[in-house]
Amino acid sequence: MTEIVNVVASGSLGRELDVTSVAEDINAGEVDTQSYEYRTPTLYVKEHDGSPLATVYESGSYHISGAKSVDEAEATRDWLISALEDLGVEIGDISFSVANVVVVGDLEKKIDMNNLVIELGFEATEYEPEQFPGLVYRPEDSECVFLIFSSGRVVIPGAPDAETAFNGFDELKKKLTALAK
């Protein structure tokens, strides 16, 4: 079984924002004015506990993370826009796109990691258990990267969409089944 555990989306509100004053009015977020990476005020806001996080920058660009589906990411975008409009913020030309999808699956069996490195090939794998307990597999014929763990759990981080990740997991299962014969 595979499931989406995170959808990351981004876009633009089509205008610059004073995120500090928006944060005071929106009553659902906090502002980081000392952000190490951006050094500009950044608004972090959620509709409620457990909902995806919307990160809004002064430039008007935003990121949504923590959604469990594309629909939930879109709903968070809609909530953010509605909340800003309720405050009297005029929104410009809105853009939105899914940046990546993270999927988790289970091979339903234990994996011999050292043997798997040999079977999948040294050129397509990275496995340094002292650094990271999972095997990183980057097949040439896939848009997916796979983090494979000895428990049989597989994480597919950063797929462009859910269908690509689900198909990638199915192909991985087929390949491992074929190698086991």
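The values are calculated or read from the model by the stated rules, or taken from the named source; none is laboratory data. Owing to the predicted nature of the structure, the values given are computational and were not obtained by experimental measurement. Cβ: placed from backbone, ideal geometry, glycine included. Neighbour counts: every protein chain shown. To get the accessible areas, we keep the full protein, side chains included, count just its heavy atoms, and leave off ligands, DNA and RNA. Shrake-Rupley method; radii C 1.70, N 1.55, O 1.52, S 1.80 Å.
For K109, the aspartates and glutamates whose Cα comes closer than 18 Å to its Cα, not counting residues fewer than 8 places off in the same chain, are E3, E119, D170, E171.
The HN-Hα couplings worked out from phi for the stretch 62-68 by the Karplus form 6.51 cos²θ - 1.76 cosθ + 1.60 (θ = phi - 60°) are 8, 10, 10, 9, x, 6, 9 Hz, whole numbers, x standing for Gly and Pro. Stretching D71 away from R15 to a fully extended chain increases their span by 17.7 nm, per 0.36 nm per residue minus the current alpha-carbon distance.
Rounded to the nearest Hz, the phi-derived 3J(HN,Hα) couplings of the stretch 164-170 under the Karplus curve 6.51 cos²θ - 1.76 cosθ + 1.60 (θ = phi - 60°) are 4, 5, 4, 5, x, 5, 4, where x marks glycine and proline. Atom-type composition of the exposed protein surface of the chain places 46 percent of the accessible area on carbon and sulfur (1.4 angstrom probe). Legend: calculated FRET efficiency, A99 to R153, from the Cβ-Cβ distance at R0 = 25 Å, rounded to 0.05, equals 0.60.
What is the sum of charges, Lys and Arg at +1 and Asp and Glu at -1, for the other residues whose Cβ falls under 14 Å from the Cβ of M1? Display every interim value, and only then the final one.
Values: positive: K109, R153, K173; negative: E3, D106, E108, D170.
Residues near M1 contribute -1 overall.
Once amide H atoms are placed 1.01 Å from N in the peptide plane, what residues at a sequence separation of 5 or more from A99, or on another chain, have their amide H within under 5 Å of its amide H? Distant-sequence amide H within range of A99: V8, A9, S10.
Of all lysines in the structure, those lying under 22 Å Cα to Cα from K68, and not within fewer than 8 positions of it along the same chain, are K46.
Please label the shape of the chain as rounded, prolate or oblate, based on the square roots a ≥ b ≥ c of the eigenvalues of the alpha-carbon gyration tensor (a/c under 1.5 means rounded; beyond that, a/b larger than b/c means prolate, else oblate). Because a/c hits 1.5 or more and a/b exceeds b/c, the chain counts as prolate.
Give the accessible surface of the stretch 56-142 per residue, rounded to a whole number of Å², with probe radius 1.4 Å and ligands, DNA and RNA excluded.
57
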